[in-house]
Amino acid sequence: MFTKAPFLIPDGFLRSFGYPGPRRFVALFWTPMGDEACFHDGQSSACGLSDNWLYLSFLRRKDVWAWRDDNELNFGNSDEEATHWLVVDADTGEVCAAPKAEALRAVIDQQLPE
């Protein structure tokens with residue numbers, strides 16, 4: 001199940017975060033292994049090459065925090081793997097969250113479910 005966010009990702013966020021690719025849908029998540037922010041676009045992924053502080057500051061915004069809590073989303077932390085990943089639409093800036101397996105399928109297929 002995908003949960004659409006009531007906010008957009010800031011302009012230029014993906015490039016500043018360290019995502020170098022051209023794909024439209026990109027998943028962002030946290031892993032405790034190395035305590036790092038990661039991305040996956042269905043073709044490539046990386047952990048430890050992204051701006052951890054930028055990612056964490058985004059997750060700590062009041063509107064993002066409230067959305068996460070209201071929808072019981074777990075984006076991971078230093079002690080546990082994320083059970084949900086953010087999926088960002090690089091074209092529109094729209095953000096949604098989904099369980100890890102569903103988010104991975106969406107970025108591999110480069111298509112969000114209707």
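Bear in mind these aren't lab numbers, they're just calculated from the coordinates by the rules spelled out. In this text the structure is predicted, and so the values were computed from the model without any measurement. Methodologically, a virtual Cβ is constructed for each residue, glycine included, from the backbone with ideal geometry; neighbour enumeration extends over all protein chains shown.
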Please give the FRET efficiency for Arg23 paired with Lys62, using the beta carbon to beta carbon distance and R0 = 30 Å, rounded to the nearest 0.05. 0.55
Restricted to Cα positions, what overall size does the chain have along the principal axes? Three whole-Å values, descending. 30, 29, 27
What's the extension gain from Gln111 to Phe2 if we count 0.36 nm per residue and subtract their Cα-Cα distance? 38.0 nm
Under 20 Å from the Ser45 label point (7 Å along Cα→beta-carbon), backbone N, region 87-113: 87-90, 96-113
What are the residues whose amide H is under 5 Å from the amide H of Leu86, where those residues sit 5 or more places off or on another chain and H is modelled from the backbone? Leu28
Cβ under 13 Å from Gly18's Cβ, Gly18 left aside: what net charge do those residues give with Lys, Arg +1 and Asp, Glu -1? -2
